[in-house]
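Asks: Before we start, here is the structure in question, set down as structure tokens.
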Amino acid sequence: MINKLVSEIKKKNAPIVVGLDPMLNYVPKHIQEKAFAQHGETLEGAAEAIWQFNKAIVDATYDLIPAVKPQIAMYEQFGIPEYKEKQTLDYNAMAEFTKAEDDGNTLSIEGVTKEGKTYSLKMDKATGILSDYTVDGKVVLEKGPVPSFWRAQNYNDTPIAYNRNLRNTDDNMELVDSPVITQDENRKHIRVALNVKLPVDAEQTLLYDIYGDGEIVVRSAFTPRSNFAPGTAGAQALPKVGVRMTVAAGYENLEYFGRGPEENYIDRKTATDVGVYKSTVTDQFVSKYVKPQENGNHTDVRWTSLTDNDGNGILVAADGTVESSALHVKAENINPVSWTDYPYNNQTIRHSTEVPMDEQTYLCLDAIQRGVSNTGFFNHVPLEGFYPTTKQNADGSYNTYAERFRIVPVTSDTDKMEESKAGFEASSAAGELEEIKNQAVAAKNDAETAAKAAEAAKADAEAAKAKAEEVKAAAEEAKKAAEEAKAAADVDKAAAEAAQAKAEVAQKAAETAEAEAQKAQTASEAAQAKAEAAQKAAKEAEDAAKNYANDAEAAKTAAEAAKTTAENAKKDAETAAKAAEAAKDSVSAQKDLAEAAANAAKASAEAAKAAQANAEAAAKAAEEAQKKAEEILAKAQKEAEEKRAEAQKQFEEVQAMQKRLENQLAKTEFAAKKVKVKSVKGAKKAVKVNWNKVESADGYVIEYAKKANFKGKKTIAVTADKKAKTIKRLSTKKTYYVRVKAYKVVDNEKVYTAYSAKKKVRTK
């Protein structure tokens, strides 16, 4: 202990201690008022106020100080109800969770028990079922606790038929809403609230309080909403109301504090005594019956433990008493349903020795189980009050069957009787009220979270819309640029076409010049031929002059003239040749120019063609970008709408759940109220009743009878504005018993308070 204290001082660097010296005048007024409202101005109320105050101090300082010191003498001045100083020490010593994670599908919890052993457990959030409760590396609880409504039939059950929809409820468990999970700031406590969907017209709620040391407090409440199983002869029956847990193989040793050692039932138990009994799970199955039937039950059970041969296992301690059984077989498999309406007469399993056994143990804890009937033989049913009923009470209400118990890991060193005495934080009624309030708060928080999610989804949708609009604008700009590029390409195309036309004109001019050159060449060649002919003629004339002396002079003159003509012709031919050569050079130049112009036109045409192709590609890209932008916008708008619809759906579901919880809270708060009768006076053949008004009541019901047990009672209903009533037409000088209750209509359902204390009066 000293070493642990020193270690904590070093760890927190705080050599200090917080003293808890309880005095009522230290406790804030609101804490006192709440405690006194639960327990009255009694020692229990004072102890509860001090406990809650101490708990708040521990919560505020646990991470700063290494130790607390309760002053025992200051507790003793108030008496020792529930030993609150020990409760404070236990709470302060409770370990934190080493792991508490929620991945959306599974809640995973790990920690260390009071004995220093590691534990872990899981919850499937889709079904709300606890599983894999492991202590010191060994699975103890495989499944549960989960609602259980089925028991095996016996011979006296054959006049009635069980509602088969109630078979295997735990295997088909579904939730109405998602679990409401809350965790306190000091990581020592997690609360899980479940609203279970049933195949019959009834409400089933489960509440798990999971603590850092591995303890689990379970509350189960079942309320019919119609008479689907009245339980009378010839009608359907509700076999039982409770929960069932599947304990892993190997935990064979059974010990319980209740009636035994023989099996016993609500209408057949007076021959068994209350005590602590030890047995094995195997020995609990009663095989002496001719046909397999319900067996192994025990009533008035305070606690039950299942352990292995080393003494390790679990203890289940009830808040009050329950009915309990531990068997290696499910009730559904003792006499399973066959073709007949009466499973008791099942032809598949005819003898108890044929019932198949499992290695696991099925531990049942029932708020109530149907009696076995000891009023007769065949065709008899249990007496009223000895079976769970779904019929409506005379005042319009239905019975709620509730139970609360603790699941605690134990070892061979655990004092089970002492451990079972550890109290619950509050009484059942007050606890239920507080739990429902917590559920309502959690539901409100969930609604706010859903609203925030909806706002976030809306913001995401608007952002997506803005992004899509940006993309659309960019696509439009790209389209505009493409159109401008196309226009430029069209201008280039026109210029190219003009250049092409110009080149064609130049080509034509070149061709014309070439034709003229060819013509000049022909003329030159003709002039050359003419000159050559003239020269030949001159030669012939000169020869003739030689031959003809007589004509010499004339020939000489003619020759000179011919010579002159020839020289002139030669000069003309040379000029023509030069002109032809020049024309030829001009044609070549024109041809080269035409070819260059043609090449330039061709290049311009190709550039225009490329520009047009680029423009068309840009236009196509712009169209695709616009189409893509429109698709993105549509998708974003669709996703945003889906998110908004989903968020709205979640918000509406949470609102509906919150409304149900608020209604349940209103019902519970009103039902906890009580009518106080101020006076009852006898008159001539009459009785005058006066009572205090109940806040928010919609009316009152007066019940009177000649017998103290109100057998043969009569009722009178009065409106909310009345607080007195004279009951007339009574017998003279007779004694009557009178009591009053109030009612309130919540969610189209009448909710009644408890009856006032009965008053005795005599008429005149």
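Asks: Suppose we filter 695, 630, 639, 669 for residues that are under 30 Å from residue 202 (Cα atoms), modelled with pLDDT under 95 and surrounded by 14 or more Cβ atoms within 10 Å (Cβ to Cβ); which single one remains?
Replies: The conditions single out 669.
Asks: Cβ-Cβ distance below 7 Å, separation of 6 or more or different chains: which pairs start in region 651-670 with a residue that is assigned to a helix (DSSP H, G or I) and end on one that is among the charged types (D, E, K, R)?
Replies: So the pair list comes out as 653/177; 654/446; 657/177; 658/444; 663/747; 665/437; 668/432; 670/744.
Asks: Looking at this structure, is residue 720 surrounded by 13 or more Cβ atoms within 10 Å (Cβ to Cβ), hydrophobic (A, V, I, L, M, F, W, C), within 17 Å of residue 399 (Cα to Cα) and not assigned by TED's automatic domain parsing to the domain that holds residue 665?
Replies: no
Asks: Do we find that residue 152 is surrounded by 16 or more Cβ atoms within 10 Å (Cβ to Cβ), closer than 21 Å to residue 247 by Cβ and small (Gly, Ala, Ser) in this structure? Outline the logic, then answer.
Replies: Values: surrounded by 16 or more Cβ atoms within 10 Å (Cβ to Cβ): yes; closer than 21 Å to residue 247 by Cβ: yes; small (Gly, Ala, Ser): yes.
In short, yes.
Asks: So which of 305, 325, 287 is under 20 Å from residue 263 (Cβ atoms), of a type in the set (Gly, Ala, Ser) and not in a strand (DSSP E or B)?
Replies: None of the other options fit; the residue is 287.
Asks: Here is a follow-up. For region 124-174, which residues satisfy the criterion of being within 29 Å of residue 312 (Cα to Cα), among the small types (Gly, Ala, Ser) and more than 27 Å from the chain's Cα centre (by Cα)?
Replies: Across region 124-174, the qualifying residue is only 137.
Asks: Continuing with this model, one more query. Say whether the condition of being assigned by TED's automatic domain parsing to the domain that holds residue 317, surrounded by fewer than 18 Cβ atoms within 10 Å (Cβ to Cβ) and of a type in the set (Ser, Thr, Tyr) is met by at least one residue in region 261-272.
Replies: Yes, region 261-272 contains a residue that is assigned by TED's automatic domain parsing to the domain that holds residue 317, surrounded by fewer than 18 Cβ atoms within 10 Å (Cβ to Cβ) and of a type in the set (Ser, Thr, Tyr).
Asks: Let me ask you something else. Please verify whether residue 155 is under 30 Å from residue 61 (Cα atoms) and of a type in the set (Phe, Trp, Tyr), treating the condition exactly as stated.
Replies: Here the answer is no, as residue 155 does not meet what is asked.
Asks: At least 2 residues that are of a type in the set (S, T, N, Q) in each: list the strands (runs of 3 or more DSSP E) lying fully within region 87-203 that qualify.
Replies: Strands (runs of 3 or more DSSP E) meeting the threshold: 106-112, 118-124, 129-135, 180-183.
Asks: Which residue out of 724, 717 is without any contact (Cβ under 8 Å) to a residue 24 or more places away in the chain, among the hydrophobic types (A, V, I, L, M, F, W, C) and more than 17 Å from residue 757 (Cβ to Cβ)?
Replies: Answer to the check: 717.
Asks: Out of all the residues in region 725-762, which are crowded, with 19+ Cβ neighbours inside 10 Å, among the β-branched types (Val, Ile, Thr) and within 13 Å of residue 671 (Cα to Cα)?
Replies: Of everything in region 725-762, those that are crowded, with 19+ Cβ neighbours inside 10 Å, among the β-branched types (Val, Ile, Thr) and within 13 Å of residue 671 (Cα to Cα) turn out to be 746, 751, 753.
The values are calculated or read from the model by the stated rules, or taken from the named source; none is laboratory data. Note that the structure is a prediction, hence the values are computed from the model and not measured. Don't worry about glycine lacking a Cβ; one is built from the backbone with ideal geometry, like all the others, and counts go over all protein chains shown.
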